[in-house]
């Protein structure tokens with residue numbers, strides 16, 4: 001009986017000293033509630049970020065349409081000999097916003 005107890009005790013001590021591998025989801029590592037909660041939280045955060053990015057893209061594209069209409073109106077008011085400073089500023093604003101929209105569409109990297 002004493003031999004059996006020592007044998008079990010040694011095996012438990014040996015198992016406790018070996019660190020389990022934590023690379024991803026190994027089949028040998030049991031899934032815990034903490035892992036599930038962390039995965040769920042990560043998915044929820046990614047979904048929320050995607051929704052916020054989509055809402056921001058919608059607002060920015062709406063603003064691009066508005067700025068484009070304003071630019072068209074400015075251009076219509078000018079003649080072929082005079083280019084308004086407002087037209088140049090508006091075009092630069094559109095260019096900056098368009099680049100921002102393009103970067104947001106690429107997603108987080």
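The values are calculated or read from the model by the stated rules, or taken from the named source; none is laboratory data. Fair warning: this is a prediction, and the values are worked out from it, not measured in the lab. Positions of Cβ are backbone-derived with ideal geometry, glycine not excepted, and every protein chain shown enters the neighbour counts.
Beta carbons closer than 7 Å, at least 6 apart along the sequence or on distinct chains, pair a first residue in the stretch 79-101 that is more than 11 Å from residue 64 (Cα to Cα) with a second that is modelled with pLDDT under 90 and assigned to a loop (DSSP other than H, G, I, E, B) for 84/78; 87/78. Restrict the check to the stretch 64-74 and report whether at least one residue is under 25 Å from the mean Cα position of the chain (by Cα) and at pLDDT 90 or above. Yes, the stretch 64-74 contains a residue that is under 25 Å from the mean Cα position of the chain (by Cα) and at pLDDT 90 or above.
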